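Note sheet for the following structure.
The values are calculated or read from the model by the stated rules, or taken from the named source; none is laboratory data. Every value quoted in this text rests on a predicted model; they were computed, and no experiment measured them. Cβ coordinates were reconstructed from backbone atoms using ideal geometry, including for glycine residues, and neighbour counts include every protein chain displayed.
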Amino acid sequence: MTRCGTICGAVAVALLALIVSLMVASSPPGIAPPERPEGSTAFRPPWFVFKLVVRLNNFFEKMAAATRPPHVRVKTLATAYWQSEVTYSLTISGVIDAVGEIGPATCLGVAAQLKLHRSFLCRMMSAGEGLKLLNVDSHGYYSLTSAGELLQSSHPKSVRDFFLMNNEESRHAWRAGVTSSLKSGESGFKEHFGVEFWEWHDDPNNVGQKGQFDLAMKSLSKEMVGSLLLEWAPPKLDAVVCDLGGGVGHILVAMAQHYPQLGGILFDLPPVAKRAAANFAESGLDGRLKTMGGSFLEPLPAQLEQCDVFYTKFIMHDWPDEECVTILRNIAAVAKRGASFVTTDFILDLDGEVMETGKRLADINMLAAQPAGAQERTYDEFVSLFTGAGLMATPKLIRMRDVVTTMVVEL
């Protein structure tokens, strides 16, 4: 009892000190709250809450690691994919959508509706309850947890397509990436599929996976753009933001909805820009948001000289250093005086252990999914890219209530 009391007391004191230290801090030093127009839907928890949750998470992860025997740790790693396989099964089979649509339901009722094997499905749903995707009451009726809801097709913040993509083509690329790629130096994707990621997705036979990729990026963008809009503001309310490699334009749509006077240009490969134009029209923003087809690895069109901001998200990590420098030089060549380059990325070695572990795994994802040289980078490595492209201004770090960070460089 004495030993327990000492340990518990020390933990309580440590947690109290943590809370007190966080109560005196709001946003990171030097970050002024940006413009937040009336009616904006961008939301993140207060900085105090975010910091508290992150540090508590790091604390309890360390406590769990310290009390977990090595053989249990290894066995957990050996079977970690079991969890994603159960989640994939419940998602791809339609179980998650069915439970969400019909409300509390028994596994037998879901099996009858979806024409699935009753015994197997009941076991799968029981495992889903253990993974906290499903709740089950004393009468055997299942409902979705808040995590399970995010796997629904119809949920406004659905990450279903992101989850499916990472458990379909990405899964094969990972296995090749962590085995064959170690010897060949080629991406895991090319090792498994014979071509690189973008070429494979451009194949008409893989049009379904390409659409899934678009939706996966949309789901990722929703949370991150909320964090971005609450920490970064354009230089003026009617700025022109040019999103390079912006896919079908989810970031620009969110920015334009947040800032009613803001204009934007999405610059991407012609087929992608065409899909973005349809997205802008569907959002009712095609009066302010335009598209332009081309490659940022080639000299940029003179029309982009109107850009006040050149924005990228998860672009730099797709390319080796040489191509990144080419992209930056192309931007600098067309940019007007006073414009800025803004990029949102995983930036290594800035956060606590839990976030950094996630970012290091994201770095391995680059090895698996993208051509050799694609990687996550530290702040200093980004600075080297900027100076290599002739951008000598000191990059400004904008910390966000997210695992990603934004950097701003004046051009």
Check: Among the numbered criteria (1) outside the structural domain of Gly140 (by TED's automatic domain parsing); (2) free of Cβ contacts under 8 Å to residues at least 60 places away in the same chain, which single criterion is violated by Val86?
Finding: (1)
Note to self: One residue is enough: does region 164-173 have a residue meeting the conditions in a loop (DSSP other than H, G, I, E, B) and of a type in the set (Ser, Thr, Tyr)?
What the structure shows: no
Next item on the list: Please work out which residue is surrounded by the fewest Cβ atoms within 10 Å (Cβ to Cβ), limiting yourself to region 277-336 and to residues that are aromatic (Phe, Trp, Tyr) and out of contact with any strand residue (DSSP E or B) (no Cβ under 6 Å at 6 or more places or on another chain).
Entry: Phe314
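Give Phe162, Phe120 a once-over and let me know the one that is within 25 Å of the chain's Cα centre (by Cα), at negative phi and not small (Gly, Ala, Ser). Give the steps one after another, and end with the answer.
Details: Phe120 fails: within 25 Å of the chain's Cα centre (by Cα).
From the options Phe162, Phe120, the qualifying one is Phe162.
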Item checked: Residue check for Ala147: assigned to a helix (DSSP H, G or I) and either without any contact (Cβ under 8 Å) to a residue 60 or more places away in the chain or loosely packed, with under 15 Cβ neighbours inside 10 Å (or both) -> yes
Next item on the list: Can you run down the residue pairs with Cβ atoms below 7 Å, 6 or more apart or on separate chains, where the first is in region 385-411 and in contact (Cβ under 8 Å) with a residue 40 or more places away in the chain and basic (Lys, Arg) and the partner is surrounded by fewer than 20 Cβ atoms within 10 Å (Cβ to Cβ) and outside any loop (DSSP other than H, G, I, E, B)?
Entry: Arg401/Trp47; Arg401/Phe50
Notebook entry, point to check: Of the residues Ala362, Ala368, Ala393, Ala372, which single one is hydrophobic (A, V, I, L, M, F, W, C), within 30 Å of Ala176 (Cβ to Cβ), in a loop (DSSP other than H, G, I, E, B) and out of contact with any Cys (no Cβ under 6 Å at 6 or more places or on another chain)?
Noted result: Ala372
Next item on the list: Please state which of the following conditions Phe310 fails to meet, knowing it meets all the rest: (1) assigned to a strand (DSSP E or B); (2) at pLDDT below 95.
Entry: (2)
Checklist line | In region 275-301, the residues that are of a type in the set (Lys, Arg) and at pLDDT 95 or above | finding: Arg288, Lys290
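Across region 174-200, which residue is surrounded by the most Cβ atoms within 10 Å (Cβ to Cβ) among those that are among the hydrophobic types (A, V, I, L, M, F, W, C) and in a helix (DSSP H, G or I)?
Selected residue: Phe189.
Yes/no matrix, rows are residues, columns are (1) over 23 Å from Lys313 (Cβ atoms); (2) assigned by TED's automatic domain parsing to the domain that holds Trp319:
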{"residue": "Ser180", "(1), (2)": "yes, no"}
{"residue": "Glu186", "(1), (2)": "yes, no"}
{"residue": "Gly194", "(1), (2)": "yes, no"}
{"residue": "Glu199", "(1), (2)": "no, no"}
{"residue": "Asp202", "(1), (2)": "no, no"}
{"residue": "Met217", "(1), (2)": "no, yes"}
{"residue": "Lys222", "(1), (2)": "no, yes"}
{"residue": "Ser227", "(1), (2)": "no, yes"}
{"residue": "Glu231", "(1), (2)": "no, yes"}
Item checked: Condition broken by Pro156, with the remaining ones in (1) at pLDDT 95 or above; (2) under 20 Å from the mean Cα position of the chain (by Cα); (3) over 15 Å from Thr91 (Cβ atoms); (4) not acidic (Asp, Glu) satisfied -> (1)
Item checked: Checking Asn57 against (1) at pLDDT below 90; (2) outside the structural domain of Asp137 (by TED's automatic domain parsing); (3) farther than 30 Å from Pro234 by Cα, the condition it does not meet -> (1)
Notebook entry, point to check: For the subset of region 41-84 comprising residues that are among the hydrophobic types (A, V, I, L, M, F, W, C) and more than 23 Å from Lys132 (Cβ to Cβ), which member is surrounded by the fewest Cβ atoms within 10 Å (Cβ to Cβ)?
Noted result: Ala66
Next item on the list: Determine the pairs where a residue that is closer than 20 Å to Gln209 by Cα, located within region 174-198, has a partner that is of a type in the set (Asp, Glu) with Cβ atoms under 7 Å apart, the partner being 6 or more residues away or on another chain.
Entry: Ala176/Glu191; Ser187/Glu196; Phe189/Glu196; Lys190/Glu196
Notebook entry, point to check: Taking region 228-253 on its own, how many of its residues are part of a helix (DSSP H, G or I) and among the aliphatic types (A, V, I, L, M)?
Noted result: 5
